[in-house]
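Data block below; observations after.
The values are calculated or read from the model by the stated rules, or taken from the named source; none is laboratory data. Remember, predicted model here, so these are calculated numbers, not experimental data. Quick reminder, even Gly has a Cβ in these numbers, built from the backbone with ideal geometry, and neighbours come from all protein chains shown. Side chains included, ligands, DNA and RNA excluded: accessible areas come from the protein's heavy atoms. Shrake-Rupley method; radii C 1.70, N 1.55, O 1.52, S 1.80 Å.
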Amino acid sequence: MTTVLQLPAVAGTHVTIRGLHKSFAGVPLYQEFNLDIPRGKIISIFGPNGCGKSTLINMISGLTAIDSGEILFDGKSLKETDIGYVFQNYRDALFPWMSAWDNIAYPLKRRGLGADKVKARVRELADLFEIKFNLGLFPYELSGGQQQTVCIMRALATKPEILFLDEPFSALDFEMTLFIRAKLQEANLLAGVTMMIVSHDLEDAVFLADRILLLTRRPTRVAEFMHFDMPRPRAPEAVSAPEFIQTKSAALQIFQREMRS
Ligand SMILES: Nc1ncnc2c1ncn2[C@@H]1O[C@H](COP(=O)(O)OP(=O)(O)O)[C@@H](O)[C@H]1O
Ligand SMILES: [Mg+2]
């Protein structure tokens, strides 16, 4: 791959994307796309249906090959970087033949961690996520919200430096959405893990974000990379605060402008 660092990385950057190109069946999705993703922040990705939100996090996380360009994590390649990924559909994401506990322990065991260390880390995660159900249960015995919680615990098990989540709330009820919103914030504050969260719901997107990445229709560009500095942890009531409403409406205006153009 050729080095195309035309633009210097911005200070505090975790992921640097330079000169990214991606087409599907000859139709360009990303062309000469550049982006700096700040370290330790929660980034929400919002944009029109089919604009390439999932493809963007899939290219960064290596699930989808890029055509050309460069993606670096602190100057390192993906191979040298520990990442976590929470899939859009939790129903298919867990190993059905393993208990919840074994699902969470799986990436730790694969690393060759000793049994005591595995147990300690699973317990730590169970505390963080205030788990009140039996982790000995199998995925099919859990509610959707419980399954999604297990998916997130598994993705965080190895303490990745960056976590990708594709529409983590799309199949959750409101109570569970509030819970997962709170827990993702806690995990971010506790471990400083960078999070990139795809959302089709503007309220979810703004609620969690330090930065809101607004994308255009394809070929996809950055319409705006907004800041939202409301203090954390943000309580559910934050959605009624003037600064929240203001940011959400500013994002909506940019979205609508892009839809019209
Ligand atoms: N594997 C693929 N093969 C062909 N086209 C694809 C593939 N993945 C995504 N696309 C196309 O790329 C565009 C962006 O898809 P996607 O990233 O899933 O959008 P979003 O998540 O923003 O809704 C869509 O037009 C989609 O049909
Ligand atoms: Mg998608």
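The table below gives the values:
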read-out: Residue satisfying all of: in segment 138-173; of a type in the set (Ser, Thr, Tyr) and surrounded by fewer than 21 Cβ atoms within 10 Å (Cβ to Cβ); modelled with the lowest pLDDT among these; value: Ser170
read-out: Matching residues, segment 156-187, being assigned to a loop (DSSP other than H, G, I, E, B), out of contact with any Asp or Glu (no Cβ under 7 Å at 6 or more places or on another chain) and at negative phi; value: Ala157, Pro168, Ser170, Ala171, Leu172, Asp173
read-out: Flag for Leu208 being surrounded by 18 or more Cβ atoms within 10 Å (Cβ to Cβ) and touching a Pro at 6+ places or on another chain (Cβ under 9 Å); value: no
read-out: Every pair of residues 6+ apart whose Cβ atoms lie under 9 Å, when the first sits in segment 83-110 and is farther than 16 Å from Pro160 by Cβ and in a helix (DSSP H, G or I) while the second is open to solvent by 30 Å² or more (accessible area, probe 1.4 Å) and within 16 Å of ligand 2 (Cβ to nearest atom); value: Tyr90/Ala171; Arg91/Ala171
read-out: Selection from segment 51-82 of residues that are within 13 Å of ligand 1 (Cβ to nearest atom) and in contact with a Lys or Arg (Cβ under 7 Å, 6 or more places away or on another chain); value: Cys51, Gly52, Thr55, Met59, Ile66, Asp67
read-out: Unmet criterion (only one of (1) open to solvent by less than 50 Å² (accessible area, probe 1.4 Å); (2) modelled with pLDDT under 95; (3) closer than 30 Å to Val122 by Cβ; (4) in a helix (DSSP H, G or I)) for Leu190; value: (1)
read-out: Cβ pairs under 6 Å, 6+ apart, first in segment 244-260 and assigned to a helix (DSSP H, G or I), second hydroxyl-bearing (Ser, Thr, Tyr); value: Glu258/Thr216
read-out: Answer residue from segment 230-240, given it is assigned to a loop (DSSP other than H, G, I, E, B) and open to solvent by 20 Å² or more (accessible area, probe 1.4 Å) and is farthest from ligand 2 (Cβ to nearest atom) among those; value: Pro231
read-out: Residues of segment 36-64 classified as surrounded by fewer than 21 Cβ atoms within 10 Å (Cβ to Cβ), more than 13 Å from ligand 2 (Cβ to nearest atom) and under 19 Å from Glu224 (Cβ atoms), total; value: 3
read-out: Met176 being surrounded by 14 or more Cβ atoms within 10 Å (Cβ to Cβ), among the aliphatic types (A, V, I, L, M) and more than 15 Å from ligand 1 (Cβ to nearest atom); value: yes
read-out: Residue count for segment 193-229, restricted to those that are aromatic (Phe, Trp, Tyr) and either assigned to a strand (DSSP E or B) or within 30 Å of Val27 (Cα to Cα) (or both); value: 1
